[in-house]
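Read through the structure below, which is laid out as structure tokens, and then see the notes.
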Amino acid sequence: SAFELRLELNDSTNLAVSIAGKGNATMDLKKRKSLFLKAIKYDSIPYVFNDLAGIYNNYKQMDSALYYNSIALSINKRFGRRKWLADSYLTRGTIFFSYTNAGYLDSAELNFFRAREIYSLAKNISGVTRISYRLAQLNFKRKNYKKTINYALNSFENETNTTTKSSSAKILAESYALINDYKNAYKYELIHE
């Protein structure tokens, strides 16, 4: 197999990529985590560190999540990988967002803004759209419904992923209802269903 050939050639980078590929191919988080941890023993692939951060966050292990995310951030800064750097800030924001503490929400917002700035400079519309959705969620948590609506509209209008588009419609319906704009609340409720 390609894997065994790379092992013989001692090609650590391709070996790491190959193992990470197997990790990406599985939906089983435990299996994915172990394959990613194995991959980074052979080489440092920035997105793998970032994905590991996301996995640890799913397990509610904040320290490990932030640790792997920090490695991804520093590698991406060093190599000037703009999209991956923005992805890493998005992940970092998501980690903080997972915890309801108000201080963590501020950290989440800061990282979402950093990510949005880089995505904007790189003209990465889908990245900006993903951040808009996250900022809509964050402002909803803060009960700032006007801001929520602005971000959710941006996400709803530019999103290509149907699940996120539907989630944006849901946030819009709830936010409009909470500011007593029932006409718009109803409009987005119908879309969300």
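The values are calculated or read from the model by the stated rules, or taken from the named source; none is laboratory data. Keep in mind it's a predicted model, so treat the numbers as computed, not measured. Glycine gets a Cβ as well: all are built from the backbone with ideal geometry, and neighbour counts include every protein chain shown. Keep in mind that these areas ignore ligands, DNA and RNA; they rest on the heavy atoms of the full protein, side chains included. Shrake-Rupley method; radii C 1.70, N 1.55, O 1.52, S 1.80 Å.
Observations, loosely collected:
- Under the convention that each Lys and Arg Cβ holds +1 and each Asp and Glu Cβ holds -1, the size of the dipole of the chain around its Cα centre is about 280 debye.
- For the pair ALA177 and THR26, label points projected 7 Å from Cα toward Cβ lie 4.1 nm apart.
- Note that the chain presents 55 Å² accessible area per residue, ligands and nucleic acids not counted, probe 1.4 Å.
- Length-normalised contact order of the range 14-75 in % [C-alpha pairs under 8 Å, at least 6 apart]: 28
- Simple label model, 7 Å out from Cα along Cβ direction - MET62 to GLU157, nm: 3.6
- Alpha carbon centroid spacing (whole Å) that separates the range 113-143 from the range 42-96: 17
- Radius, Kirkwood style, for the chain when every pair of distinct Cα atoms is counted (Å): 18.0
- Within the accessible area of the chain, the carbon and sulfur atoms contribute 52%, probe 1.4 Å, all protein chains present.
- Projected label distance in nm at LYS83 and LYS147, using a 7 Å step from Cα toward the beta-carbon: 3.0
- Along principal axes, Cα extents of the range 48-159, largest first, whole Å: 36, 32, 19
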